[in-house]
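In what follows, a single structure is set out as structure tokens and then discussed.
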Amino acid sequence: SESLSDEENLKLFGKCNNPNGHGHNYKVIVTVRGEIDPVSGMVINLTDLKEYMQEAIMEPLDHKNLDKDVPYFAEVVSTTENVAVFIWENLKKLLPMGTLYKVKVYETDQNIVVYKGEETI
């Protein structure tokens with residue numbers, strides 16, 4: 001965090017506090033909800049969902065240094081919580097209104113964030 005000293009960053013972020021950055025292979029699960037179309041049998045066409053995820057997640061984030069390559073994270077600390085919010089906000093713009101239910105981001109098998117569009121502070 002730019003607003004913290006080196007010592008404060010080290011205390012707060014531990015081994016993830018690296019001035020040269022560090023990487024993660026995030027896994028993202030998107031859950032949609034809504035009425036099932038009687039013709040297709042789907043809430044949303046999975047081909048469309050895959051395209052929305054490509055545009056909202058892969059294009060802006062894949063193989064990127066979040067802090068340097070993604071404008072959103074110039075002002076926001078790139079925690080997994082904030083990555084989930086970023087993904088939610090991008091997907092919400094693309095998906096039919098009311099269908100996005102949950103974004104689940106795995107930083108590791110043990111570090112998981114679930115975001116359902118709650119208000120952020």
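Each residue, residue 81 and residue 106, gets one label point 7 Å from its Cα in the Cβ direction; the gap between the two is 2.2 nm. Once the chain from residue 39 to residue 13 is taken as fully extended at 0.36 nm per residue, the excess over their C-alpha distance is 4.4 nm.
Carbon and sulfur atoms: what percent of the 1.4 Å accessible area of the range 24-115 do they account for?
Numbers: 3030 of 6010 Å².
With neighbouring chains kept in place, the figure for the range 24-115 is 50 percent.
With a Cα cut-off of under 20 Å and a minimum spacing of 8 residues unless on different chains, the lysine pairs in the chain number 23.
Calculated accessible area for the chain comes out at 73 Å² per residue, all protein chains present (probe 1.4 Å; ligands, DNA, RNA ignored). For the residues 90, 82, 45, a GNM of the chain with alpha-carbon springs under 10 Å puts the largest fluctuation on 45.
If you place +1 on the Cβ of every Lys and Arg and -1 on the Cβ of every Asp and Glu, how big does the dipole about the Cα centre of the range 64-110 come out, in debye to the nearest 20? Don't jump to the answer; show the numbers that get you there.
On the way: 6 positive and 7 negative charges, 56 e Å.
So the magnitude is around 260 debye.
Each distinct pair of alpha carbons in the chain adds a 1/r term; the inverse of their mean, the Kirkwood radius, is 15.8 Å.
When the chain is treated as a Gaussian network with alpha carbon springs shorter than 10 Å, the biggest mean-square fluctuation among 41, 23, 98 belongs to 41.
Distance between the pseudo-spin-label points of residue 69 and residue 114 (7 Å out from Cα toward the beta carbon): 3.1 nm.
The values are calculated or read from the model by the stated rules, or taken from the named source; none is laboratory data. None of these values were measured; they are calculated from a predicted model. Don't worry about glycine lacking a Cβ; one is built from the backbone with ideal geometry, like all the others, and counts go over all protein chains shown. Just so you know, the surface numbers come from the protein's heavy atoms only, side chains and all, with ligands and any DNA or RNA stripped out. Shrake-Rupley method; radii C 1.70, N 1.55, O 1.52, S 1.80 Å.
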